[in-house]
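J.: Handing you this structure, nothing more for now.
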Amino acid sequence: MSGRVAPTEAVRHGLILAGRGVRKLRRNPEHLVDVTVQPLLFLVMFGFLFGGAIAGSPGAYLRDLVPGLMVPSVLMATLSAGVGLNSDAGSGVFDRFRSMPIARSAPLTGVVLAGAVRYVVAIAVLLAAGAAFGYRVGTGPVAVLAAAAILVVAGLCFCWITVFLGMVLRDRDAVQGTAVALFMPMVFASNVFVPEATMPGWLRAFSGVNPVSLLAGTVRGLLNGGAVAVPLAGALAWSAGVLGVFFPLAIRAYHRRVG
Amino acid sequence: MSPMIRVENLVKRFGRTTALDRVGFAVEAGTVVGVLGPNGAGKTTMVRVLATLLRPDEGLVRVGGLDVTREPARVRALLGLTGQYASVDGDLTGTENLVLFGRLLGLSRPAARDRAADLLERFELGTAAARPASTYSGGMRRRLDLAASLVGAPRVLCLDEPTTGLDPHVRRELWQVVRELVAEGVTVLLTTQYLEEADRLADRVTVFDAGRVVADGTPDELKRRVGGRTVQVRPALSQDVDATARVLGRLTGATPARDHGTGLLTAPAADPMVLSALVRKLDQAGLAVAELGLRLPSLDEVFLALTGKPAGPDLPAARDGSAG
């Protein structure tokens with residue numbers, strides 16, 4: 001009928017606009033710094049600076065660090081969805097999208113889906129750099145793909161937090177600052193960089209339920225071999241919970257912001 | 001036949017500001033209406049309501065017979081918009097932009113490519129097709145913008161100050177494009193601060209001031225409404241000025257105004273027949289004439305008379321969106 005666009009069409013519009021996002025990334029490789037240079041810096045800094053102190057040797061530390069670091073890298077990569085939408089929403093091209101007979105949600109879907117490409121880049125960069133520094137996957141390609149898929153799904157769920165922030169906060173700096181302030185404690189109060197055994201009880205309790213720890217545990221289990229079920233269940237529960245809360249909030253804020 | 005655009009009693013408020021206050025006008029299919037007004041008059045708000053980017057608070061707005069509030073998706077399928085600010089993606093090339101919009105409008109990839117190539121050719125952007133739009137000059141960007149609005153072959157085109165800030169020759173090129181589109185049957189609504197633009201392009205002009213329509217008509221009707229027609233004559237020889245002024249005065253029953261620099265004589269001309277009578281009399285008196293004609297007031301004078309403000313090409317080109 002009149003105001004509605006068929007769901008299949010809406011998906012098609014979203015995919016076309018995701019293609020736009022990927023094209024923009026190719027044209028501005030510097031926009032990939034947060035999923036290329038940043039994970040590398042963390043890998044080198046933590047692996048070689050603290051590796052010896054934390055795990056006895058950088059080599060032993062890399063076994064936990066490489067898979068673990070994929071989680072904060074993907075989490076931080078979700079920022080671009082919120083920041084990108086925030087700057088897009090005020091631009092002329094957004095007006096054009098809105099004046100076209102396409103799904104209202106398409107520009108939003110496009111930005112979110114284009115984000116998945118960034119998550120894959122972050123994972124690939126860490127795998128390649130890890131391999132160069134001597135990290136070896138203990139399982140097989142299927143497990144690697146499964147780990148990547150879980151990370152991408154988690155990223156697509158958690159990015160709705162930044163989309164929400166992008167739609168309620170005024171400018172991109174505010175979005176960036178708020179999201180970093182929210183994500184940093186999650187990243188550092190987790191088992192990504194240090195074993196939980198070394199933490200005081202209260203911190204260990206926090207880290208134990210922290211989605212970053214749960215995801216890191218899942219990825220380690222998949223890449224190094226080991227139990228996956230428990231952290232995976234927790235990670236998926238968190239992802240579903242975040243999606244359940246922030247997807248509707250973000251959609252509402254989006255419609256309020258751009259009509 | 002019902003008009004292509006019909007607006008009745010349209011009210012749009014932003015908080016306490018009434019940006020559009022019971023606005024009404026109609027645009028017949030295949031014609032150009034110029035929406036003229038100073039900054040803050042409500043022109044951009046009007047365009048954004050037509051393009052379904054803003055919902056009206058009250059009143060009726062129909063495009064192609066479709067209500068913009070009830071059937072926005074169908075209105076969007078009819079209408080192309082070129083906003084005041086570049087509504088293309090600067091990171092993408094000219095071709096990529098147009099292919100993107102074509103794909104969104106349901107064209108297959110090859111069809112979208114063909115359409116993009118045609119439009120780029122038509123707007124003389126063929127050589128720049130593979131360059132990111134951010135590297136385009138102002139005029140090229142406007143042309144790409146207009147091309148982007150035409151990807152879906154809209155029947156109604158809304159242009160919000162399409163030539164603000166453009167060089168005169170680029171402006172003229174754009175006018176030519178608009179004329180071609182109208183010849184193809186497209187209905188055009190354009191907002192402008194340039195009276196010349198409205199005068200040259202528009203079949204009808206709607207003058208906005210402070211959110212209201214203060215005048216509506218053809219450019220000639222508006223000119224006639226505001227000031228009387230005048231007859232002007234400039235003698236070929238400066239010693240003939242007095243004699244010519246006497247002839248003109250007898251015919252029009254008024255003392256002609258005299259420009260001492262140029263010798264131009266101006267007198268009110270209620271009856272247009274005064275011109276042929278004047279030619280005969282001057283001929284009989286043996287007075288040679290360098291310049292002779294009837295003149296309507298310029299739209300500038302109309303604008304000043306209607307709004308109490310001078311027309312605004314020199315005003316700062318601030319966005320009159322949110323405030324009105």
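J.: Hey, which of the strands (runs of 3 or more DSSP E) in segment B:230-301, taking only ones fully inside, have at least 1 residues that are surrounded by 12 or more Cβ atoms within 10 Å (Cβ to Cβ) and acidic (Asp, Glu)? Reasoning before the result, please.
T.: Working: elements: B:230-235, B:265-268, B:289-295.
Because the criterion is at least 1 residues that are surrounded by 12 or more Cβ atoms within 10 Å (Cβ to Cβ) and acidic (Asp, Glu), the strands (runs of 3 or more DSSP E) in segment B:230-301 that meet it are B:289-295.
J.: For segment B:31-115, which fully contained helices (runs of 4 or more DSSP H) count at least 1 residues that are within 12 Å of chain A (Cβ to nearest Cβ) and out of contact with any helix residue (DSSP H, G or I) (no Cβ under 8 Å at 6 or more places or on another chain)? Walk me through it before giving the result.
T.: Numbers: elements: B:43-50, B:72-78, B:94-104.
By residue number, B:43-50, B:72-78.
J.: Something else about it: Taking the options B:156, B:99, B:151, name whichever one is more than 27 Å from the chain's Cα centre (by Cα), assigned by TED's automatic domain parsing to the domain that holds residue B:29 and surrounded by 15 or more Cβ atoms within 10 Å (Cβ to Cβ). Steps first, answer last, please.
T.: Values: B:156 fails: more than 27 Å from the chain's Cα centre (by Cα); B:151 fails: more than 27 Å from the chain's Cα centre (by Cα).
Going through B:156, B:99, B:151 in turn, the sole match is B:99.
J.: In addition: If you check residue B:127 against the conditions, is it in contact (Cβ under 8 Å) with a residue 24 or more places away in the chain, of a type in the set (Ser, Thr, Tyr), assigned by TED's automatic domain parsing to the domain that holds residue B:203 and closer than 23 Å to residue B:152 by Cα? Give the derivation first.
T.: Details: in contact (Cβ under 8 Å) with a residue 24 or more places away in the chain: no; of a type in the set (Ser, Thr, Tyr): yes; assigned by TED's automatic domain parsing to the domain that holds residue B:203: yes; closer than 23 Å to residue B:152 by Cα: yes.
No; evaluated as a whole, the condition is false for this residue.
J.: In segment B:13-40, what count of residues is obtained for those that are within 17 Å of the chain's Cα centre (by Cα) and within 21 Å of residue B:203 (Cα to Cα)?
T.: The number of residues fulfilling the criteria is 14.
J.: Another question, then. For the condition assigned to a helix (DSSP H, G or I), touching a residue at least 40 places away in the same chain (Cβ under 8 Å) and farther than 15 Å from residue A:86 by Cα, what is the one hit in A:246, A:206? Explain how you work it out, then say what you get.
T.: Numbers: A:206 fails: touching a residue at least 40 places away in the same chain (Cβ under 8 Å).
Criteria check complete, one pass: A:246.
J.: A further question follows. Considering (1) out of contact with any Asp or Glu (no Cβ under 7 Å at 6 or more places or on another chain); (2) modelled with pLDDT of 95 or more, say which one residue A:220 fails and leave the rest.
T.: Of everything listed in (1) out of contact with any Asp or Glu (no Cβ under 7 Å at 6 or more places or on another chain); (2) modelled with pLDDT of 95 or more, residue A:220 misses just condition (1).
J.: Could we say that residue A:68 is farther than 19 Å from residue A:22 by Cα, in a loop (DSSP other than H, G, I, E, B) and more than 12 Å from chain B (Cβ to nearest Cβ) here? First the steps, then the outcome.
T.: Numbers: farther than 19 Å from residue A:22 by Cα: yes; in a loop (DSSP other than H, G, I, E, B): no; more than 12 Å from chain B (Cβ to nearest Cβ): yes.
Spelling it out, it is not the case that residue A:68 is farther than 19 Å from residue A:22 by Cα, in a loop (DSSP other than H, G, I, E, B) and more than 12 Å from chain B (Cβ to nearest Cβ).
J.: Being within 14 Å of chain A (Cβ to nearest Cβ) and surrounded by 15 or more Cβ atoms within 10 Å (Cβ to Cβ): is that true of residue B:170 here? Before the answer, list the steps.
T.: On the way: within 14 Å of chain A (Cβ to nearest Cβ): no; surrounded by 15 or more Cβ atoms within 10 Å (Cβ to Cβ): yes.
Spelling it out, it is not the case that residue B:170 is within 14 Å of chain A (Cβ to nearest Cβ) and surrounded by 15 or more Cβ atoms within 10 Å (Cβ to Cβ).
J.: Looking only at segment B:188-204, count how many residues are at pLDDT 90 or above and farther than 19 Å from residue B:142 by Cα. Let's see the steps before the verdict.
T.: So the first thing to find is which residues in segment B:188-204 are at pLDDT 90 or above, and the list is B:188-191, B:201-204.
Filter once more, so that each one left must be farther than 19 Å from residue B:142 by Cα: B:202-204.
The number of residues fulfilling the criteria is 3.
J.: Select from segment A:164-193 the residues that are surrounded by 16 or more Cβ atoms within 10 Å (Cβ to Cβ) and either among the acidic types (Asp, Glu) or touching a Phe, Trp or Tyr at 6+ places or on another chain (Cβ under 8 Å) (or both) and write down the one among them that is modelled with the lowest pLDDT.
T.: The extreme case among them is A:193.
J.: Which of the residues belonging to segment B:118-128 are surrounded by fewer than 18 Cβ atoms within 10 Å (Cβ to Cβ) and outside any helix (DSSP H, G or I)?
T.: At the first step, the residues of segment B:118-128 found to be surrounded by fewer than 18 Cβ atoms within 10 Å (Cβ to Cβ) are B:118, B:121-122, B:124, B:126-127.
The answer is B:124, and nothing else.
J.: Take residue B:162 and tell me if it is away from chain A (no Cβ under 12 Å) and in contact with a helix residue (DSSP H, G or I) (Cβ under 7 Å, 6 or more places away or on another chain). Write out each step before concluding.
T.: Details: away from chain A (no Cβ under 12 Å): yes; in contact with a helix residue (DSSP H, G or I) (Cβ under 7 Å, 6 or more places away or on another chain): yes.
When the stated conditions are applied, residue B:162 passes them.
J.: Could you tell me whether any residue of segment A:17-27 is crowded, with 20+ Cβ neighbours inside 10 Å, more than 21 Å from the chain's Cα centre (by Cα) and either under 30 Å from residue A:104 (Cβ atoms) or small (Gly, Ala, Ser) (or both)?
T.: Among the residues of segment A:17-27, not one is crowded, with 20+ Cβ neighbours inside 10 Å, more than 21 Å from the chain's Cα centre (by Cα) and either under 30 Å from residue A:104 (Cβ atoms) or small (Gly, Ala, Ser) (or both), which makes the answer no.
J.: Answer yes or no as to whether residue A:84 is small (Gly, Ala, Ser), assigned to a helix (DSSP H, G or I), under 18 Å from residue A:161 (Cβ atoms) and modelled with pLDDT under 95.
T.: Yes.
J.: Please determine, by comparing only the residues of segment B:198-229 that are surrounded by 19 or more Cβ atoms within 10 Å (Cβ to Cβ) and assigned to a helix (DSSP H, G or I), which one is nearest to the chain's Cα centre (by Cα).
T.: If we take residues in segment B:198-229 being surrounded by 19 or more Cβ atoms within 10 Å (Cβ to Cβ) and assigned to a helix (DSSP H, G or I), then B:198 is nearest to the chain's Cα centre (by Cα).
J.: Is it true that residue A:154 is modelled with pLDDT of 95 or more, out of contact with any Asp or Glu (no Cβ under 9 Å at 6 or more places or on another chain) and surrounded by fewer than 19 Cβ atoms within 10 Å (Cβ to Cβ)? Let's see the steps before the verdict.
T.: Numbers: modelled with pLDDT of 95 or more: yes; out of contact with any Asp or Glu (no Cβ under 9 Å at 6 or more places or on another chain): yes; surrounded by fewer than 19 Cβ atoms within 10 Å (Cβ to Cβ): no.
Criteria not met by residue A:154.
J.: Just one of B:143, B:115 is within 15 Å of residue B:175 (Cα to Cα), surrounded by 21 or more Cβ atoms within 10 Å (Cβ to Cβ) and assigned by TED's automatic domain parsing to the domain that holds residue B:85; which is it?
T.: Details: B:115 fails: within 15 Å of residue B:175 (Cα to Cα).
Exactly one residue qualifies, and that residue is B:143.
J.: Check segment B:246-257 and report whether any residue there is touching a Lys or Arg at 6+ places or on another chain (Cβ under 6 Å) and within 29 Å of residue B:66 (Cβ to Cβ). Spell out how you get there, then give the answer.
T.: From segment B:246-257, those touching a Lys or Arg at 6+ places or on another chain (Cβ under 6 Å) are B:247; that's our starting set.
Now drop any that are not within 29 Å of residue B:66 (Cβ to Cβ), which leaves none.
No, because not a single residue in segment B:246-257 is touching a Lys or Arg at 6+ places or on another chain (Cβ under 6 Å) and within 29 Å of residue B:66 (Cβ to Cβ).
J.: Inspect all residues belonging to segment A:46-57 and state whether any of them is in contact (Cβ under 8 Å) with a residue 60 or more places away in the chain, more than 30 Å from residue B:68 (Cα to Cα) and surrounded by 23 or more Cβ atoms within 10 Å (Cβ to Cβ).
T.: Yes, segment A:46-57 contains a residue that is in contact (Cβ under 8 Å) with a residue 60 or more places away in the chain, more than 30 Å from residue B:68 (Cα to Cα) and surrounded by 23 or more Cβ atoms within 10 Å (Cβ to Cβ).
J.: Still on this model: In segment A:8-53, what count of residues is obtained for those that are within 14 Å of chain B (Cβ to nearest Cβ) and part of a helix (DSSP H, G or I)? Before the answer, list the steps.
T.: First, the residues of segment A:8-53 that are within 14 Å of chain B (Cβ to nearest Cβ): A:8-32.
Now restrict to residues that are part of a helix (DSSP H, G or I): A:8-27, A:29-32.
The number of residues fulfilling the criteria is 24.
J.: Please go through segment B:131-164 and give me each residue that is closer than 20 Å to residue A:94 by Cβ and in a strand (DSSP E or B), ordered by number. It would help to see each step written out before you state the result.
T.: Taking segment B:131-164 as the starting set, the residues that turn out to be closer than 20 Å to residue A:94 by Cβ are B:132-134, B:136, B:141-142, B:144-152, B:154, B:157-162.
Passing the criteria: B:132, B:157, B:158, B:159, B:160.
The values are calculated or read from the model by the stated rules, or taken from the named source; none is laboratory data. It should be emphasised that the depicted structure is a prediction, and the values quoted were computed from it without experimental measurement. All Cβ positions, glycine included, derive from the backbone under ideal geometry; neighbour counts span all protein chains shown.
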